[in-house]
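Engineer: Handing you this structure, nothing more for now.
The values are calculated or read from the model by the stated rules, or taken from the named source; none is laboratory data. Nothing here was measured: the structure is a model prediction, and the numbers come from that model. Cβ coordinates were reconstructed from backbone atoms using ideal geometry, including for glycine residues, and neighbour counts include every protein chain displayed. Only protein heavy atoms, including side chains, enter the accessible area calculation; ligands, DNA and RNA are left aside. Shrake-Rupley method; radii C 1.70, N 1.55, O 1.52, S 1.80 Å.
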Amino acid sequence: MNNMDIFVGGQWQQGRGPEMQSRFPGDNQVIATLNSASLEDVEDAVIAADMAWRMPSWRNLPAHQRAAILYKVSRLIDENCEALTQLQTLDNGKPWAEARGLVMSAAATARYFAAVCEVSGGELPPRRQPELMTISTYQPIGVIAAITPWNSPIASDMQKIAPAIAAGNAVILKPAEATPLISLKLAELFEQAGLPSGLLSVLPGKGSIVGDALVRHPLVKKISFTGGTNTGRQLAHIAADKLITTSLELGGKSPTIVLSDADLDIAAHGVCYGIFSSMGQACIAGSRLFVAKDIYSSFMEKLTQLTRNLIIGDPRQERVHLGPLISPSHRDSVRNYVEQAVQQGGKIRIGGTAPADPVLQDGNYFLPTIIEGLNNQSTVCQEEIFGPVLVVMPFDDEDDLIQQANDSVYGLAAGIWTKDYTRAFKLADALDVGTVWVNTYKVFSISTPFGGFKESGIGREKGLESLKAYMQQKSLFLALNPQPNRWCE
Ligand code: ADP
C-alpha cells in the first residue's frame, strides 16, 4: 500500500506532513507508506468537526438515528472481519486469533453504544418546591480528541469513537505512529455507514506534533487518551490549562495472586495467558505474580511447563501463541529490563532472550520470560515493561501480600486465584485497583466499566455510564406558576 490517503474533515487526501511507514513487526518490512497529517490538516479537521457537530441535521438527529449509523458500522465490521483481522495482524503483529477477537469486540462496542444511546435519557430530579420543576438533560461536548496506542488499535479506537458519536459529538482520532492502517479502515466503514462528513477524522502522525497540536486546539473540548502514564500526565496538564475534561486510560503493573487453596492447573493457565498473551503488550498484563510459599514449587513447575510449550512465531499462522513485539527499539527496551533484573539479583527461570530460531531473526521476537529471586522494590516490579516478562515472588503473610501488591504507582488490575470466595472478596476489597479478576484474568465485557486507580488513569470506559463521559449535563428550571419576583420592588 503506497501513499495512502488520510481522512481529514470528510475528505480522503494525502497528508501534508512528513512520510511515515507502517511495518509488519514479524519481519519489519514496510507494508504501507503514507504522509502523516500536518498542522494544517489538524486545523482543517478541527474546523470541519466543529462545524459538523453543530449542524442542525446532526444536532437534531434523534438518538435512535445516530444509533442506526453505529449498528451499520457494527454490521460492516462483521462483514469485513477477515480483512480487518489481517490488517490488524500486519499492522501490529498480534496473533491471528487475538486480532480477530479485537475486531469482534470493536463490532460489539459499536452495537453496545448504539443500544445505550437509544435508551439513555435525562432525569427528572425530585421536586423540592411545588411551583418548580427541574429537568436534567445531557448534551454533546463538541469536538473530541481521541488518542490511541498501538497495542489493540481497533478496540481502543472504537471504545472512543462509538460513545463519542453516540453522544452526538465529532471525533478526531490520532492513532499511534506504528498502527495507522486499521484506524483509516475504520474511517472508511463509518463513511460507508453514512456518518455525516466532518464528524470523524483520522490523523496519523507523531504524538508530539500531530497529537500535541490536536489537544491544544482551542476548539477541542475533551481529550480521550489511552497510552503511557507520562504522556497521560502531559495531556492532563494541557487539559487543565484549557479547563477541559479528560479520560485517561494509562499504564499498569498488575499483581496476580495465587493462594494455597487455588486450583493450580486453572491458575497456571490463567497466569500464563494473563502475562504472555499479546506478548505482554497490554496495560492489564499480570506482570507481578505472588504465589503462596507452600505451593510455590509445584505451581511454578506447572507454569514453567506451560510457558515452555507456548508457540512463538509468525502471527499470521494459526496456533501461534506469541507474535513479535511492536518494534526493534521496543524489543531492546524489554531486553534491557531483563538485563537490569539480572544485575539486581534476579534469576531467569525461563526465556530471557530473543529466540534462536533463524526463521524469526528479522522480526522483533522475544521469548516469554519468568524471573525469580527479586522483591517488589526491584525495577522490573515497579516499572511497566510492556513485554512478555513475569516477575514471581513467594508470600506467606496475607497482610504483607496486600501491602506489596499495593506498593505500586499503578492501580489498573489484579488477579486472585483461590477456591475461597470469601477470601477473594476480602482481598479484592483491599487491592487499590480498578478491576479485579477472580479465577480468571484479562477477560472483558463492554457492559462493565474499566479504568484505573492511582496513576493508571482517570475516568472509566465501557458500561452504561461511559456514554455520559462524552456529554455535558444541563439543568432546566421551569416555573409552573410564574409570578413577578417582588425583590426589585
Ligand atoms: P505507548 O508507550 O503505548 O506508545 P504513548 O503514550 O507514547 O504510549 O502513545 C500513545 C498515543 O499517544 C500514541 O498515539 C502517541 O502518538 C500519542 N502521543 C505521544 N505523545 C504525545 C503528546 N505529547 N501529545 C499527544 N499525543 C501523544
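Engineer: Can you work out the accessible area per residue across the range 429-489, with the rest of the protein chains kept in place, probe 1.4 Å, in square angstrom? Please report the intermediate quantities before stating the final value.
Structural biologist: Numbers: 3860 Å² over 61 residues.
That works out to 63 Å² for each residue.
Engineer: If you take the alpha carbon radius of gyration of the chain and divide it by 2.2 N^0.38 Å, what ratio comes out, to two decimals? Mind dumping the intermediate values first?
Structural biologist: On the way: Rg = 24.1 Å, N = 489, 2.2 N^0.38 = 23.1 Å.
Rounded to two decimals, the normalised Rg is 1.04.
Engineer: Pulled fully out, how much extra length does the chain show between Ile135 and Asp396, if you take 0.36 nm times their separation in residues and subtract their Cα-Cα distance? All intermediate terms of the calculation are to be shown ahead of the outcome.
Structural biologist: Details: separation 261, 0.36 × 261 = 93.96 nm, distance 5.54 nm.
Working it through step by step, the gained length comes to 88.4 nm.
Engineer: Over what distance in Å are the Cα centres of the range 196-248 and the range 336-380 separated?
Structural biologist: 35 Å
Engineer: Once the other residues with Cβ under 12 Å from the Cβ of Thr137 are scored (Lys, Arg +1; Asp, Glu -1), what is the net sum? Spell out each step's value before the answer.
Structural biologist: Details: positive: Lys468, Lys474; negative: Glu123.
Net local charge, Thr137 excluded: +1.
Engineer: Relative to the compact globular guide of 2.2 N^0.38 Å, what is the alpha carbon radius of gyration of the range 265-369, as a ratio?
Structural biologist: On the way: Rg = 14.0 Å, N = 105, 2.2 N^0.38 = 12.9 Å.
Relative to the rule-of-thumb radius for its length, the range 265-369 sits at 1.08.
Engineer: With n ≥ 4 as the cut-off for DSSP H runs, can you work out [θ] at 222 nm for the chain, using -39500 (n - 2.57) per run divided by the number of residues, rounded to the nearest 500? Let's see the in-between values first.
Structural biologist: Details: 15 runs with 184 residues, N = 489.
For the chain, the value works out to -11500 deg cm²/dmol.
Engineer: Shifting gears a bit: Describe numerically, in nm with one decimal, the distance between label points set 7 Å from Cα along Cα→Cβ at Val443 and at Asp78.
Structural biologist: 2.3 nm
Engineer: If you don't mind, there's one more thing I want to ask. May I ask you to list the trypsin sites (Lys or Arg not before Pro) in the range 1-101 that are in a DSSP loop and have at most 13 other Cβ atoms within 10 Å of their Cβ? Walk me through the intermediate numbers first.
Structural biologist: On the way: sites: Arg16, Arg23, Arg54, Arg59, Arg66, Lys72, Arg75, Arg100; in loops: Arg16.
Hits after loop and neighbour filter: nothing returned.
Engineer: Please work out the C-alpha center-to-center distance from the range 445-489 to the range 281-332 and express it in whole Å.
Structural biologist: That distance is 42 Å.
Engineer: OK, next. Quick one: angle between helix 153-166 and the longest Cα principal axis of the chain, in degrees between 0 and 90, rounded to 10, please.
Structural biologist: For 153-166 against the chain, the angle is about 20 degrees.
Engineer: Moving to a separate point now. Taking 0.36 nm per intervening residue step and subtracting the Cα-Cα distance, what contour gain separates Thr379 from Gln65 on full extension? Display every interim value, and only then the final one.
Structural biologist: On the way: separation 314, 0.36 × 314 = 113.04 nm, distance 5.12 nm.
In short, 107.9 nm is gained.
Engineer: Further question: Contour minus end-to-end for Arg319 and Leu243, with contour as 0.36 nm per residue of separation and end-to-end as the Cα-Cα distance? Before the final figure, lay out the partial values.
Structural biologist: Working: separation 76, 0.36 × 76 = 27.36 nm, distance 4.87 nm.
Computed gain between Arg319 and Leu243 is 22.5 nm.
Engineer: Can you list residues whose amide H is under 5 Å from Thr435's amide H, if they're 5+ apart or on another chain and H is modeled 1.01 Å from N?
Structural biologist: Counting only residues 5 or more places away or on other chains, the set is Ala413, Ala414.
Engineer: Rounded if a/c is under 1.5, else prolate if a/b is larger than b/c, else oblate: which is the range 253-436, with a ≥ b ≥ c the root eigenvalues of its Cα gyration tensor?
Structural biologist: Judged from the Cα gyration tensor, the range 253-436 comes out prolate (a/c at least 1.5, a/b above b/c).
Engineer: Something else: Can you give the local net charge around Met4? Use residues other than it whose beta-carbon is closer than 13 angstrom to its beta-carbon, Lys and Arg +1, Asp and Glu -1.
Structural biologist: Numbers: positive: Lys185; negative: Asp5, Glu19, Asp91, Glu188.
Result for the neighbourhood of Met4: -3.
Engineer: Can I ask one more? Which whole-number value in Å³ per residue fits the convex hull of the alpha carbons of the range 23-125? Write down the numbers at each step before the final one.
Structural biologist: Working: hull volume 16.4 nm³, N = 103.
Each residue corresponds to 160 Å³ of Cα convex hull volume.
Engineer: In straight Cα distance, which lysines are under 20 Å from Lys347, not counting same-chain residues fewer than 8 positions off?
Structural biologist: Lys253, Lys293, Lys302
Engineer: Just want to confirm a number: the relative contact order over the range 253-436, from Cα pairs under 8 angstrom separated by 6+ residues, in percent. Show your work: numbers first, answer last.
Structural biologist: Values: 343 pairs, mean separation 55.4, N = 184.
It rounds to 30 percent for the range 253-436.
Engineer: Excluding Val171 itself, calculate the net charge of residues whose Cβ lies under 10 Å from the Cβ of Val171, where each Lys or Arg counts +1 and each Asp or Glu counts -1.
Structural biologist: Here the charged neighbours net out to +1.
Engineer: How would the range 325-368 be classified by its alpha-carbon gyration tensor: rounded, prolate or oblate, with rounded meaning a/c under 1.5 and the a/b versus b/c comparison settling the rest?
Structural biologist: Working: a/c = 3.27, a/b = 1.60, b/c = 2.04.
Cα axes put the range 325-368 in the oblate bin.
Engineer: May I pose another question? Please list the three semi-axes, largest first and in whole Å, of the ellipsoid equivalent to the range 385-451, using sqrt of 5 times the eigenvalues of its alpha carbon gyration tensor.
Structural biologist: Details: eigenvalues 73, 56, 31 Å².
Those come to 19, 17, 12 Å.
Engineer: Another one. At a Förster distance of 25 Å, what's the computed FRET efficiency of Asp362 paired with Ser329, Cβ-Cβ distance as r, to 0.05?
Structural biologist: Values: r = 15 Å, r/R0 = 0.61.
Plugging the Cβ-Cβ distance into 1/(1 + (r/R0)^6) gives 0.95.
Engineer: In degrees, nearest 10, range 0 to 90: what is the angle between the Cα axis of helix 181-192 and the longest Cα principal axis of the chain?
Structural biologist: The answer is roughly 30 degrees.
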